[in-house]
2 protein chains.
Amino acid sequence: MNTPATLADPDTPFAVVDVHTMRRNIARLKDRADRLGVTLRPHVKTAKSLDVAAHLNSGTPCPVTVSTLAEAEAFADGGYTDITYAVGVEPRKLPRITALSRRGVTLRVLLDSAEQAAFVTEASRRAGIPLPAQIEIDCDGHRGGIRPGDPALVEIGRVLHDDGCLDGVLTHAGESYFARTAEDQCLAAKNERDTAVAAAERLRAAGLPVNTVSVGSTPTAHAADDLTGVTELRAGNYVFFDLVMAGLGVCRVEDIALSVVVTVIGHRPEHGWIMTDGGWMAMSRDRGTAAQAQDQGYGLVTDLAGRLIPGLVMTAASQEHGTLTARDGAALPRLPVGTRLRVLPNHACATAAQHRGYHTVDGTRPARPAPAIEAFWERVTGW
Amino acid sequence: MNTPATLADPDTPFAVVDVHTMRRNIARLKDRADRLGVTLRPHVKTAKSLDVAAHLNSGTPCPVTVSTLAEAEAFADGGYTDITYAVGVEPRKLPRITALSRRGVTLRVLLDSAEQAAFVTEASRRAGIPLPAQIEIDCDGHRGGIRPGDPALVEIGRVLHDDGCLDGVLTHAGESYFARTAEDQCLAAKNERDTAVAAAERLRAAGLPVNTVSVGSTPTAHAADDLTGVTELRAGNYVFFDLVMAGLGVCRVEDIALSVVVTVIGHRPEHGWIMTDGGWMAMSRDRGTAAQAQDQGYGLVTDLAGRLIPGLVMTAASQEHGTLTARDGAALPRLPVGTRLRVLPNHACATAAQHRGYHTVDGTRPARPAPAIEAFWERVTGW
């Protein structure tokens, strides 16, 4: 694909990543993980891009987490050999998992039942390669997993261990996305750690070896101040951040590295609306900030250089139409048809998923007449 | 791509279209349009598929509506020569529009300002080909357009006419998606028609020729009983339908032709949850039924043959996790890890957009051991 010269060139809507901001976000969490003495295992489900991942560890493949086997395969092709597939495993996915293991990839699978442990160990025996498995631990009632006190924990651990498949435990503080204060996020991080460590200790007390004690979510990864007993930290959203994370105070609005470039296509002054060609197809239907103290609609609006336009919010979306309105008494700016803007997303994972890839800019460079595009980074798609 | 044998074969999640149901939906609206004496111009933004479109008019290209230039180009490549691009035009999109016109495609553009009329006529003069333009009319305050009584209407019409660009008027009753009763939908259809016809008459009274008087939305297209003065009807969603349309009474749940196949990956009996591998990445974040009398969560659940499982609803979603719960006192069914289910979407346009294409089945054929897959139909993506 030819790289157009500036953000004024590609047809809108399209996604853009400010690489300078992204690298700052990456360095921030890497430094934290180093200080906390744990391995950082970024979740690549947000960006789904080998080009983004090349910035995670100075170009050297690092341990990663994936949400689909398509990601696992693409990252294996890119030289990543230490991958955790952090969605509960089911039998029909075992052939692709086994195939990755045969290629020399350490692909860790996740499970929370004896039923799953049975078919994973059976597949391991058939393949002649132990598939490393982690037991999902529920730390906050958010989604899957078992509680550390559940008798099933040791039962599953034993089934896995008998076939050399027991790798460790994994938990995810999904409820931390609703922890509104820094104090609550610290408590969520402490609970996440304590729950994972308790599960590991329980397995060890039963004579079962636990290599990996994995925790993480973007809010808890930035709130944790002591990860004693934990071996690795996972987070995904932090690479781009978004308005939900800014609403939680995990980042500032100026740390959001992902935006969508849109064009003004009309005006309805009698309603106070500016219409754009960026609807939910470009932004996703995610309205995560609707549950926060400050609802940011479908996103905050900046000029093409990335400077916030005070009070301008994308408040409604059709498939290919966005509606911008002014709030807090701000005047609706005069923006002729053809004006390009950028919209900061509620949820970077969901907005990024609406695009084939990202045009990249460096927000610290001069933006006249418009920020220069440096590259196009493709995304991994499908399952 | 090889076509797997049955819905038990492709890795989940994936989208499936029941072609028998889809053809019934298509025939229903085609019959209505014939009876009403108007041209049907389907909006291909829902399915974005030439394979779906081949069923719209017995394999012969018919007039279509598109939401992106990528759709316009793909449909032009597929032999469609009569296309309306129903999103307000902006200057940077003119080169692709002009290129399609040079290929012999009648590509109608939409606008609602003198500013846009000026650059469309200028582009027409430069290209030496009049670009046919429709003036967007606002019938219900939903989105873009001008009111038929706005003095700008005749002004825009004159600018267009002077360069041979005036094709007609177009309106869309977007508020009809919130018209809860059949009576309200009839009123919305009548208002949509009356507004479009009033705008056309106003232009004609000023001596300006109006060829096209275009109306449509899926609810109003199914509610209209008299389209006197209208030349064409647009609708898109009706090909697949969805739970929002079923909630409005425009279709029945059994008319929904699109679903997503997912697999059970775990259980949380203490919460009453069944976990699947179909999250918002597979379903989209669209929760259109949340604003209706019956909130259907992220979707209603059927078995792999498409039979509704009473009371089972997808109530929560992470990126690659879905949570199913029982409601109305229904018992949570026993569904082992590995069980495949289908989820009916809130909003077909949004759910379809999460997938590269559709595996197709014929729901009237025997479904043992699982419905046979007949084909894979690709979607047009991007802008």
Exercise. Roughly how big is the protein assembly as shown's charge dipole about its Cα centre, with Cβ charges of +1 (Lys, Arg) and -1 (Asp, Glu), in debye to the nearest 20?
Worked result: 800 debye
For this session: Averaging sequence separations of C-alpha pairs under 8 Å and six or more residues apart, then dividing by the length of the stretch A:273-355, give the relative contact order as a whole percent.
Result: 39 percent
Seminar exercise, completed: Taking a ≥ b ≥ c as the square roots of the eigenvalues of the Cα gyration tensor, with a/c under 1.5 meaning rounded and otherwise prolate when a/b exceeds b/c and oblate if not, the stretch B:1-89 is oblate
Exercise. Given B:ALA372, B:ALA350, B:THR360, which one lies farthest toward the positive end of the charge dipole of the stretch B:334-383, if we put +1 on the Cβ of every Lys and Arg and -1 on the Cβ of every Asp and Glu?
Worked result: B:ALA372
Exercise. Can you list the lysines whose alpha carbon is less than 30 Å from that of B:LYS93, not counting same-chain residues fewer than 8 positions off?
Worked result: A:LYS48, B:LYS45, B:LYS48
Problem set entry | For the stretch B:165-320, convex hull volume per residue from C-alpha positions, Å³ | 132 Å³
Exercise. Each residue of the stretch B:359-373 in turn: what ³J(HN,Hα) in whole Hz from Karplus with 6.51, -1.76, 1.60 and θ = phi - 60°, glycine and Pro shown as x?
Worked result: 6, 10, 9, 10, x, 8, 8, x, 10, 10, x, 7, x, 6, 8
Exercise. Once you charge only the Cβ atoms, +1 for Lys and Arg and -1 for Asp and Glu, what is the size of the charge dipole of the stretch B:44-235 about its Cα centre, to the nearest 20 debye?
Worked result: 560 debye
Exercise. What number, rounded to the nearest 500 deg cm²/dmol, is the helix-based mean residue ellipticity at 222 nm of chain A, given -39500 (n - 2.57) per DSSP H run of at least four residues and division by all its residues?
Worked result: -8500 deg cm²/dmol
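Mind checking the mean number of beta-carbon atoms from other chains within 10 Å of the Cβ atoms in A:264-277?
If you average over the peptide's residues, the count of other-chain Cβ atoms is 5.
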Exercise. If you count the DSSP beta bridges with both ends in chain B, what percent of them are antiparallel, to the nearest 5?
Worked result: 50 percent
Exercise. Got the A:ASN211 label distances to the other copies yet, label 7 Å along Cα→Cβ, in nm, shortest first?
Worked result: 7.0
Exercise. How about A:LYS30: which aspartates and glutamates have a C-alpha closer than 16 Å to its C-alpha, ignoring those fewer than 8 places off in the same chain?
Worked result: A:ASP225, A:ASP226, A:GLU232, A:ASP255
Exercise. Rounded, prolate or oblate: which fits the stretch B:44-235 when a ≥ b ≥ c are the square roots of the eigenvalues of the alpha-carbon gyration tensor, with rounded for a/c under 1.5 and prolate only if a/b beats b/c?
Worked result: oblate
Exercise. For the stretch A:266-345, what class follows from the C-alpha gyration tensor (a ≥ b ≥ c being the square roots of its eigenvalues): rounded when a/c is under 1.5, otherwise prolate if a/b is larger than b/c, else oblate?
Worked result: rounded
Exercise. Please state the relative contact order of the stretch A:333-383 as a whole percent: Cα pairs under 8 Å, 6+ residues apart?
Worked result: 31 percent
Exercise. Taking the axis about which chain B rotates onto chain A, which residue of B lies nearest it as judged by Cβ position, and how many whole Å separate them?
Worked result: B:ARG285, 2
Exercise. Across 10 Å bins from the origin, how do the percents of Cα pairs in the protein assembly as shown run, short distances first?
Worked result: 3, 14, 24, 25, 19, 10, 4, 1, 0, 0
Exercise. Can you list, shortest first in nanometers, how far A:ARG180 lies from the same residue in the other copies, with each label 7 Å from Cα toward Cβ?
Worked result: 2.9
Problem set entry | Inter-copy separations for B:ALA27, label at 7 Å along Cα-Cβ, nm, ascending | 6.6
Seminar exercise, completed: Most exposed first, judged by fewest Cβ atoms within 10 angstrom, B:ASP184, A:ASP34 run A:ASP34, B:ASP184
For this session: Please name whichever of B:SER176, B:PRO130, B:VAL87 sits farthest to the positive end of the charge dipole of the stretch B:84-202, dipole taken about the Cα centre and charges placed at Cβ: Lys and Arg +1, Asp and Glu -1.
Result: B:PRO130
For this session: Report the equivalent ellipsoid semi-axes for chain A in whole Å, largest first, defined as the square roots of five times the eigenvalues of the gyration tensor built from alpha carbon atoms.
Result: 41, 22, 18
Problem set entry | Mean Cα-pair separation over length for chain A, i.e. relative contact order, pairs under 8 Å, 6 or more apart, % | 21 percent
Problem set entry | Cut-off of 10 Å, at most 10 other beta carbons, DSSP loop: longest stretch of chain A lacking such trypsin sites (Lys or Arg not before Pro) | A:1-251
Seminar exercise, completed: By Cβ neighbour count within 10 Å, fewest first, A:PHE240, A:PHE376 rank A:PHE376, A:PHE240
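A short reminder: the numbers here are calculations on the coordinates, not readings from a lab. Only a predicted model underlies this, so the values are computations on that prediction, with no experimental measurement involved. Backbone-built Cβ (ideal geometry, glycine too); neighbour counts: all protein chains shown.
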